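Enquirer: I'd like to ask you about the structure that follows.
The values are calculated or read from the model by the stated rules, or taken from the named source; none is laboratory data. Keep in mind that this is a model prediction, so the values were computed, not measured. Reconstructed Cβ throughout: ideal geometry from the backbone, glycine too, with neighbour counts over all protein chains shown.
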Amino acid sequence: MEYEHGLVAISGEVPLLVHKEEGIAWCEIDDESHWDRAVKEIYPLITVRDCGEKPIKRNILLNPGPATTSDRVKYAQVVPDICPREEEFGQIMAYVSTELTQFVADPKEYTTVLFGGSGTAAVEAILSSVIDERAVLIIENGAYGKRMAQIADVYQLNTITFPSPFDQELNRSQLEEIIQTHQKELGYVAVVHNETTTGLLNDIPAIGALCQKYNLHLIVDAMSSYAAIPIDMKKMNIHYLAASSNKNLQGMPGVSFVITQRSLLEKTKTIKPRNYYLHLYSQYDYFEKNHQMRFTPPVQTLYALKQAILETKEEGIKARYERYSKSWETLITGVTRLGMSHLVDINNHSKIITAILEPSVPGYDFNEMHDFFYERGFTIYPGKLEGLNTFRVANIGDITYKEIEEFLTLLESYLGPLLKKVK
């Protein structure tokens with residue numbers, strides 16, 4: 001007989017003393033739901049307890065990265081001092097490089113080149129290192145597509161831009177027309193996967209198919225999609241992918257990286273370098289030979305990234321995106337209930353970051369609203385669209401729909417009095 005049944009059987013005959021003990025990191029595992037709770041809730045508590053670590057004040061970051069991190073990721077940075085040139089640390093970086101590749105491609109064919117720097121460093125490394133005399137077509141449907149064009153302009157690359165509405169699905173027929181018009185001079189197409197300006201999700205498989213049709217290399221800024229939206233570089237025909245440690249990976253800022261085929265990297269070594277620190281082939285070649293970056297790496301950030309990778313593998317990218325999606329659905333339902341609007345149609349939405357139109361009511365001020373949330377442990381982010389007043393809410397990081405519900409409660413309490421004045 002199971003003990004629960006025994007307790008039920010005797011509970012009507014003898015009094016039972018029940019004492020509730022708080023703070024025990026323990027749970028029973030009888031089914032899959034118990035196992036999920038043990039992995040996601042109990043094991044982290046045991047880890048913290050065994051390491052003598054104290055839980056850190058939890059802020060909910062609803063900005064589009066850096067995101068809210070777990071205590072395990074934070075504490076992974078607290079390690080004995082080590083010279084990054086030690087073989088031991090080189091092995092850490094080699095592990096990180098291989099695992100980052102594994103999420104989107106086969107490490108036997110592809111590799112990840114690590115840089116110390118923000119995500120933009122990885123984008124700049126690609127554009128400054130792999131483009132030859134041929135033109136690059138840059139799709140602009142947000143601030144980060146525009147940023148790629150600005151980087152290309154700094155390096156005086158042969159650039160063609162394809163402007164597209166920031167809130168609408170890309171017109172693939174028009175894109176193909178401009179490719180056909182410039183087919184003789186084109187060699188590359190560059191696009192942002194999840195445009196962080198609005199949350200618009202560009203159709204990478206379709207763009208990749210176009211690139212394959214016209215023999216073009218596809219460069220993808222996957223900063224806000226990598227480690228959340230499933231990506232298969234080979235199937236999607238992605239030649240170069242840029243991402244960073246501090247968004248959907250749920251690590252700390254300071255590491256950016258480029259994922260590509262080794263064979264492609266070898267071909268780029270004949271292109272005259274335009275950049276020293278961010279030269280992609282030099283960084284790759286040095287790491288292959290030495291398991292070291294050419295310049296001092298962000299040591300603690302890489303330890304945190306290793307832990308973030310372990311947690312990503314533990315959860316699974318598909319499950320992570322499902323968690324994010326549930327938080328996004330909670331957000332959209334809530335802002336709609338409050339009478340507010342978001343920019344991108346749900347059919348073209350990444351479900352990761354949302355641009356929300358600011359209310360046109362007397363007394364509303366974004367900075368005041370930001371401070372209201374900040375004092376209560378939440379961070380929101382201003383919009384990045386010219387001529388349109390928006391603010392952005394990201395639902396990434398180590399949070400669930402419960403935190404989004406708390407945010408919506410606070411949003412209603414802040415906006416409620418302002419909206420009542422209008423009525």
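Enquirer: Going by what's in this entry, would P80 be described as surrounded by 17 or more Cβ atoms within 10 Å (Cβ to Cβ) and out of contact with any Leu (no Cβ under 7 Å at 6 or more places or on another chain)?
Expert: No, not satisfied.
Enquirer: Also, I was wondering about something else. Being aromatic (F, W, Y) and closer than 22 Å to V192 by Cβ narrows it down to one of Y276, Y286, Y303, Y240, so name that one.
Expert: Just a single option satisfies the conditions, and that option is Y240.
Enquirer: Suppose the filter is surrounded by fewer than 21 Cβ atoms within 10 Å (Cβ to Cβ), closer than 26 Å to M252 by Cα and out of contact with any Pro (no Cβ under 8 Å at 6 or more places or on another chain); does K351 pass it?
Expert: Answer is no for this residue.
Enquirer: Follow-up question, since we're still on this one. Just checking, does region 191-211 include any residue being of a type outside the set (V, I, T), touching a Gly at 6+ places or on another chain (Cβ under 8 Å) and within 22 Å of V130 (Cα to Cα)?
Expert: The answer is no; no qualifying residue exists.
Enquirer: Quick check, is K326 touching a Ser or Thr at 6+ places or on another chain (Cβ under 7 Å) and of a type in the set (K, R)?
Expert: Here the answer is no, as K326 does not meet what is asked.
Enquirer: Also, I was wondering about something else. Pairs, please: C-beta under 7 Å, at least 6 apart or cross-chain, first residue buried (at least 17 other Cβ atoms within 10 Å of the Cβ) and in region 90-112, second modelled with pLDDT of 95 or more and among the acidic types (D, E)?
Expert: Once the first residue is buried (at least 17 other Cβ atoms within 10 Å of the Cβ) and sits in region 90-112, its partners that are modelled with pLDDT of 95 or more and among the acidic types (D, E) give V104/D232.
Enquirer: Can I ask one more? Evaluate region 142-159: report whether one residue or more is modelled with pLDDT of 95 or more and more than 26 Å from Y277 (Cα to Cα).
Expert: yes
Enquirer: Here is a check on your reading of the model: is T336 buried (at least 18 other Cβ atoms within 10 Å of the Cβ), outside any loop (DSSP other than H, G, I, E, B) and β-branched (V, I, T)?
Expert: The answer is no for T336.
Enquirer: Could you please let me know if I309 is among the β-branched types (V, I, T) and closer than 23 Å to E195 by Cα?
Expert: no
Enquirer: Scan region 300-334 for residues that are β-branched (V, I, T) and in contact with a helix residue (DSSP H, G or I) (Cβ under 6 Å, 6 or more places away or on another chain) and report the count.
Expert: Selection size over region 300-334: 2.
Enquirer: If you take the residues of region 164-214 that are in contact (Cβ under 8 Å) with a residue 12 or more places away in the chain and hydroxyl-bearing (S, T, Y), which of them is nearest to G65 (Cα to Cα)?
Expert: The extreme case among them is T196.
Enquirer: Quick check on F287: is it under 30 Å from D132 (Cα atoms), out of contact with any Asp or Glu (no Cβ under 9 Å at 6 or more places or on another chain) and not in a helix (DSSP H, G or I)?
Expert: no
Enquirer: Something else now. Scan region 284-300 for residues that are surrounded by 20 or more Cβ atoms within 10 Å (Cβ to Cβ) and closer than 29 Å to R72 by Cβ and report the count.
Expert: Of the residues in region 284-300, 4 are surrounded by 20 or more Cβ atoms within 10 Å (Cβ to Cβ) and closer than 29 Å to R72 by Cβ.
Enquirer: Restricting attention to region 359-377, does a residue exist that is without any contact (Cβ under 8 Å) to a residue 40 or more places away in the chain and either closer than 24 Å to M223 by Cα or β-branched (V, I, T) (or both)?
Expert: Checked against the condition, which is being without any contact (Cβ under 8 Å) to a residue 40 or more places away in the chain and either closer than 24 Å to M223 by Cα or β-branched (V, I, T) (or both), region 359-377 yields no hits at all.
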